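Below is one structure, written out as structure tokens; the observations come after it.
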């Protein structure tokens, strides 16, 4: 638009110059001196008109050439503008896709962190329960061990007690007990099914 305005101003200037020259020539022909020199001025005026026409034609050509250049520049500008808009749109799409992917990754990561926290809490609870169970088991083992020691002590005392040979359980060891023991020995020596308890001995005696 600035180039068009400049060309219009130049053309107007030339037109004004031509008009001024024509006005001057006409004025000269009215004066007495002008009448005398009108013949010499006529030839130069025609030359000036031809020069002005040639300059006007050249300016018109330059004007059209500038118009074509401006049209090419505008077309190139529009093309570059479309390319930039397409690049911007592609960049926005890439950004949107990357942002969506990042949001999804963040959501999955938060879910995973929450799952790990819940698992950690569960492990702590299980660990506490296992510690309690371990303590209970230790206490139970200690109780069984104490009971076993008591039973062992009682068994050892019974084994070492001579009254375990009291067959008839009358509180004394006498000839009756010795006779019973000898009878058991004689029976077991002559039978395939031996007597292993005192009650079996008394059953056999019946």
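The values are calculated or read from the model by the stated rules, or taken from the named source; none is laboratory data. All values derive from a computational prediction rather than experimental measurement. All Cβ positions, even for glycine, are placed from backbone atoms using ideal geometry, and neighbour counts span all protein chains on display.
Of note:
- Options 59, 89, 70, 84: the member that is surrounded by 10 or more Cβ atoms within 10 Å (Cβ to Cβ), touching a residue at least 60 places away in the same chain (Cβ under 8 Å) and not assigned by TED's automatic domain parsing to the domain that holds residue 197: 70
- Condition check for residue 173: in a helix (DSSP H, G or I) and surrounded by 10 or more Cβ atoms within 10 Å (Cβ to Cβ): no
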